[in-house]
Amino acid sequence: MQPNYLPSTIEQQAQQHWDSRQAFKAAESGDKPKYYCLSMFPYPSGKLHMGHVRNYTIGDVLSRYHRMKGFEVMQPMGWDAFGLPAENAAMANNVPPAAWTYSNIEYMKQQLKALGLGIDWSREVKTCTPEYYRWEQWLFTRLFEKGVIYKKTAVVNWDPVDNTVLANEQVIDGRGWRSGAVVEKRDIPMYFFRITQYADELLSGLDQLDGWPEQVKTMQANWIGKSFGVRFAFEVAAAGDNAAISHQLPATELLWVYTTRADTIMGVTFVAVAAEHPLATRAAQNNPALAAFIEECKQGGVAEADIATMEKKGMDTGIKVTHPLTGEQVPVWVGNYVLMGYGEGAVMAVPAHDERDFGFAKKYNLPIKQSIQVAGETFSTDAWAEWYGDKEQGVCVNSGKYDGLSYDQAIDAIAADLAAKDLGEKKVQFRLRDWGISRQRYWGCPIPIIHCPSCGDVAVPDDQLPVVLPEDVVPDGAGSPLAKMPSFYECSCPKCGGAARRETDTMDTFVESSWYYARYASPQCDTGMVDKAAAQRWLPVDQYIGGIEHAILHLLYARFFHKLMRDEGLVPGDEPFKNLLTQGMVIAPTFYRDEPNGKKLWINPAEVDVATDERGRPTGAVLKADGQPVVIGGTEKMSKSKNNGVDPQAIIDEFGADTARLFMMFAAPPDQSLEWSDAGVEGAFRFLKRVWKAVSDHVEQGVVAAYSGGELSAAAKALRFQLHQTIAKVDDDLGRRKTFNTAIAANMELLNALVKFNEVASRNVVQEALEAIVLMLTPIVPHMSQALWSELRPGSDLLDQSFPKADPAALVQDEIELVIQINGKLRGSLRVSKDADKATIEQLALAHEAVQKQLAGGTAKKVVVVPGRLINVVI
RNA sequence: GCCCGAGUGGUGAAAUUGGUAGACACAACGGACUUAAAAUCCGUCGGGGGGAAACCUCCGUACCGGUUCGAUUCCGGUCUCGGGCACCA
């Protein structure tokens, strides 16, 4: 046997062997239970980054583990190939997005293969191919005809210089990233998926998802945001205070608002409407200052984080409305924080009991009127106090007939009174908004709609699908290229045959990634979106793995799509992903130098030497090239902007894929962030060399049959005890807990014990242990395991092996160790027979010298015995 | 601003159901081997106090408080960092 561990040779051999056996092709039938393991597919950005390596290694470990547990595993891979970066790259390099994307896919596919992933490549899917997106277009036309897709206007970021719509990411500090122009909000027509129609099901469905992290389910539930409130109206009188604009108002007009705090309705002192609200628009007609303010509100982007953090500004419209219960006249203000596309585009304002309203009222000297009280507290309009917003303990005050009522009682009474006047009712509302999918971009799936002057919006008929996206286009950053291509948009109406114009918007790329998991079941199917039998066989996905950043949008859209496809009779079940593992980020240290122009020059960690003091604490860092100091920055997510990425290819080339995989799995549990460490990689490599040497040393003396019974020395018995304890733990860690780091640690401990064990008479136990270590490590370092197994069991193929089973007989112990605590602090230990009863244990513990010493002749107040663990003596 | 997480030695982490805090590694330091270096192997390694030593003892899981015989774990509050916020994927 080769005494040295040579990763490049054995990895190449192992991969060739797997290929020749077509080892990872998933069978469409058979007796084995199926296990569909899916990692979120990559965007083909150019080359793999460490986040990909981590994601796909986790998926591969789980896939290979389940294969060894007797499952028919399907692990597919594909490409989320449409998207904005391809257009940016195209403009930078003058290459069509399609060419750029396809060449990235080719390169990244080679990298994935070098990692030794057990992928069924025959199922590969690229979302930018007509074979894929034609079915997306097909579903679109079905949903359009069912009314699940509809058209309305929505507000977008508009760059007035480049005359183009910008993504939120392209708006920096309220300005377009290329033009630098102040961005404006602009209304444009778009197609929407009626996801709100499924809001209740998307919410209640979370309860079935036992295999999802609580954290993700909570985030989705909050995002859907089901609230129980009251929708009610203020009357806009066309007289009195509003005389100046009365000519524009109908006799009675209603201003509707929605609130979850109707119990505070008697504290309303004004109403705030969005800048785009019709009432504001009309009030501005004779009010230049208000018109200017409304114009100002249009500046800036549409991202909610920006709107929520900007300075709250407002202006009085001069309009007064009538409070539906008190009859009081309250002013209507325009507020820049009120969103038109949200609820009614208008909110009641209760400064006394809403923190945002409180701040607004203080700023503009609007009245603050207390209407709830918490016992023992004192209300003051000087400063906000937390209890002002307390709906659990608050009761109504200064509220006439509602005084003394609790939140629930007040809502019931107030809703009833509003209903009696026909001015309101209880209403369930969702925070979730319908999903706008129109994008004014080129590199995406064309929306299959034809605009006919006489028939309106007509869905493209099945026999004319797919609407093919031309692939030889280079965008210029100013509007959609498709809208400038008559060859694309000129067409005839499928209904009347008259001249018509094809829709030139493309779909949100989240649409492609919402159903790819289903397409993998039958990726070549050309008679439908999915083959029903294949969907029955493989769905749902048993294990889905991806970044936590997808906790809400992608995962919610995919759940929604599954329900849409279910309602079309395409897929079984209500949910697409049975188990979900959200992996943490890969982070690395950052280094920089301050440049004369005030900017920071980020330096890659590979170019830096870090000096440490005698305790190992970093004291400074210098650039290798010039020996001059650099500044040590924070440890952050690997990114191009901070230049702290480590190229996975370099690690594979230097140490091999197994070392890269082992380090990634060992350095942190999968759901936590993982800090990159070159030294840690070397540590992983060292461990593999130790495993290799242990097997090599053993094999050189001749392989033997593994231990299968008979008398053993005490040391051999102890080793077998540890071995089978480790098997049980690793099985649990890989299968149930998915904590690969502790599974690896347990194998390291076992190897440490094994190399110390030196009984020539017990080589069969060593053989048993080495075989088990190789099998347990197989999911993590498959190449090395493949090579070692053929040395330990000549003529046998690791691909056909099962995961080892713990031998119960090896785990039987006569004596166990119990810990003795005094007042909860460790003071000693005790060995007792495994079936000693509580009374015996208590007696032995009290007689223990440490306890006697502490008792100093006194007696114990209390003794707690936890069987199998400890005794706590309270004195 | 809102929603969701996280915080444990010099570092990454472990402690699975409230039961021995720091497993397993990395770094550092000391030693062996070597002409030397690399590699490898052995040892020390949270902090304070006591002891020649075996060892004893107090403190310690971001911070403040609570529940409990016992809290890294549960509860209330605070701080810091990270993810998401609907057109990045």
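The values are calculated or read from the model by the stated rules, or taken from the named source; none is laboratory data. Worth saying up front: this structure is predicted, and the values here are computed from it rather than measured. All Cβ positions, even for glycine, are placed from backbone atoms using ideal geometry, and neighbour counts span all protein chains on display. These area figures cover heavy atoms from the full protein model, side chains too; ligands, DNA and RNA do not enter into them. Shrake-Rupley method; radii C 1.70, N 1.55, O 1.52, S 1.80 Å.
Quick check on my filter: what residues within the range A:173-197 are assigned to a strand (DSSP E or B) and either away from RNA strand B (no atom under 11 Å from the Cβ) or within 23 Å of A:His277 (Cα to Cα) (or both)?
Result: A:Arg175, A:Gly176, A:Val182, A:Glu184, A:Lys185, A:Arg186, A:Asp187, A:Ile188, A:Pro189, A:Met190, A:Tyr191, A:Phe192.
Is it true that A:Ala534 is in a helix (DSSP H, G or I), under 21 Å from A:Val571 (Cβ atoms) and in contact with a Cys (Cβ under 8 Å, 6 or more places away or on another chain)?
Criteria met by A:Ala534.
One residue is enough: does the range A:444-467 have a residue meeting the conditions part of a strand (DSSP E or B) and within 16 Å of RNA strand B (Cβ to nearest atom)?
yes
Quick check: is even one residue across the range A:778-790 open to solvent by less than 20 Å² (accessible area, probe 1.4 Å), within 18 Å of A:His17 (Cα to Cα), among the polar types (S, T, N, Q) and touching a residue at least 40 places away in the same chain (Cβ under 8 Å)?
Checking the range A:778-790: at least one residue is open to solvent by less than 20 Å² (accessible area, probe 1.4 Å), within 18 Å of A:His17 (Cα to Cα), among the polar types (S, T, N, Q) and touching a residue at least 40 places away in the same chain (Cβ under 8 Å).
Quick one: in the range A:640-662, which of the residues that are closer than 15 Å to A:Asn55 by Cβ and under 23 Å from the mean Cα position of the chain (by Cα) is farthest from RNA strand B (Cβ to nearest atom)?
Step by step, filter the range A:640-662, then rank; the result is A:Pro648.
Listed here are the residues, each with its yes/no results for (1) among the small types (Gly, Ala, Ser); (2) loosely packed, with under 13 Cβ neighbours inside 10 Å.
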position	(1), (2)
A:Ala621	yes, no
A:Gly634	yes, yes
A:Ser641	yes, yes
A:Ile651	no, no
A:Ala657	yes, no
A:Tyr707	no, no
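With touching a residue at least 24 places away in the same chain (Cβ under 8 Å) and open to solvent by 80 Å² or more (accessible area, probe 1.4 Å) as the only criterion, which of A:Arg831, A:Arg793 stands out?
The match here is A:Arg793.
Would you check if there is a residue in the range A:225-240 being open to solvent by less than 20 Å² (accessible area, probe 1.4 Å), more than 12 Å from RNA strand B (Cβ to nearest atom), aromatic (Phe, Trp, Tyr) and touching a strand residue (DSSP E or B) at 6+ places or on another chain (Cβ under 9 Å)?
yes
Every residue in the range A:325-338 that is open to solvent by 10 Å² or more (accessible area, probe 1.4 Å), within 45 Å of the chain's Cα centre (by Cα) and either at pLDDT 95 or above or of a type in the set (Lys, Arg) (or both), please.
Listed by number, the residues that qualify are A:Pro331, A:Trp333.
Scan the range A:834-843 residue by residue and report those that are open to solvent by 80 Å² or more (accessible area, probe 1.4 Å) and either part of a helix (DSSP H, G or I) or within 11 Å of RNA strand B (Cβ to nearest atom) (or both).
Across the range A:834-843, the qualifying residues are A:Lys838, A:Gln843.
Determine which member of the set A:Asp19, A:Asp31 is free of Cβ contacts under 8 Å to residues at least 12 places away in the same chain, in contact with an Asp or Glu (Cβ under 9 Å, 6 or more places away or on another chain) and open to solvent by 10 Å² or more (accessible area, probe 1.4 Å).
Within the list A:Asp19, A:Asp31, the selection yields A:Asp31.
Residue check, A:Gly497 against (1) on the phi < 0 side of the Ramachandran plot; (2) without any contact (Cβ under 8 Å) to a residue 60 or more places away in the chain, all met but one. Which one?
(1)
Would you pick out the residues in the range A:69-118 that are closer than 19 Å to A:Ala518 by Cα and either modelled with pLDDT under 95 or out of contact with any helix residue (DSSP H, G or I) (no Cβ under 7 Å at 6 or more places or on another chain) (or both)?
Across the range A:69-118, the qualifying residue is only A:Glu72.
Quick one: A:Gln248 ticks every box in (1) surrounded by fewer than 19 Cβ atoms within 10 Å (Cβ to Cβ); (2) at pLDDT 95 or above; (3) touching a Lys or Arg at 6+ places or on another chain (Cβ under 6 Å); (4) of a type outside the set (D, E, K, R) bar one, so which box is it?
(2)
Got a number for residues in the range A:458-510 being under 25 Å from A:Trp435 (Cα atoms) and open to solvent by 50 Å² or more (accessible area, probe 1.4 Å)?
4
A:Lys599 fails exactly one of the following numbered conditions: (1) out of contact with any strand residue (DSSP E or B) (no Cβ under 9 Å at 6 or more places or on another chain); (2) modelled with pLDDT of 80 or more; (3) open to solvent by 50 Å² or more (accessible area, probe 1.4 Å). What is the number of that condition?
Unmet for A:Lys599, out of (1) out of contact with any strand residue (DSSP E or B) (no Cβ under 9 Å at 6 or more places or on another chain); (2) modelled with pLDDT of 80 or more; (3) open to solvent by 50 Å² or more (accessible area, probe 1.4 Å): (2).
Taking only the range A:847-875 into account, find how many residues are open to solvent by less than 50 Å² (accessible area, probe 1.4 Å) and either basic (Lys, Arg) or not in a loop (DSSP other than H, G, I, E, B) (or both).
The qualifying residues number 10.
So is A:Gly680 open to solvent by less than 40 Å² (accessible area, probe 1.4 Å) and either within 13 Å of RNA strand B (Cβ to nearest atom) or in a helix (DSSP H, G or I) (or both) or not?
Criteria met by A:Gly680.
Name the strands (runs of 3 or more DSSP E) wholly within the range A:265-354 that hold at least 1 residues that are away from RNA strand B (no atom under 16 Å from the Cβ) and over 29 Å from A:Tyr407 (Cβ atoms)?
Hits in the range A:265-354: A:314-322, A:329-335.
Could you say which residue among A:Leu202, A:Leu166, A:Leu143 is away from RNA strand B (no atom under 16 Å from the Cβ) and crowded, with 18+ Cβ neighbours inside 10 Å?
Criteria check complete, one pass: A:Leu143.
Please tell me if A:Ala753 is farther than 30 Å from A:Ser63 by Cβ, over 38 Å from the mean Cα position of the chain (by Cα) and part of a helix (DSSP H, G or I).
No: the conditions fail for A:Ala753.
Under 9 Å between Cβ atoms, at least 6 apart or on separate chains: pull out the pairs that start in the range A:563-578 with a residue that is of a type in the set (Phe, Trp, Tyr) and end on any residue that is at pLDDT 95 or above and open to solvent by 30 Å² or more (accessible area, probe 1.4 Å).
Every condition considered, the pairs that remain are A:Phe577/A:Pro540.
Could you tell me whether A:Ala383 is surrounded by fewer than 20 Cβ atoms within 10 Å (Cβ to Cβ) and either within 16 Å of RNA strand B (Cβ to nearest atom) or within 19 Å of A:Val230 (Cα to Cα) (or both)?
yes
Please pick out the residue among A:Ile820, A:Ile816 that is touching a Lys or Arg at 6+ places or on another chain (Cβ under 6 Å) and surrounded by fewer than 19 Cβ atoms within 10 Å (Cβ to Cβ).
When all the criteria are applied, what remains is A:Ile816.
Of the conditions (1) assigned to a helix (DSSP H, G or I); (2) touching a residue at least 24 places away in the same chain (Cβ under 8 Å), A:Arg686 satisfies every one except a single condition; which number is it?
So A:Arg686 meets the others, but not (2).
How many residues, within the range A:531-557, are without any contact (Cβ under 8 Å) to a residue 60 or more places away in the chain, hydrophobic (A, V, I, L, M, F, W, C) and either away from RNA strand B (no atom under 14 Å from the Cβ) or surrounded by 23 or more Cβ atoms within 10 Å (Cβ to Cβ) (or both)?
2
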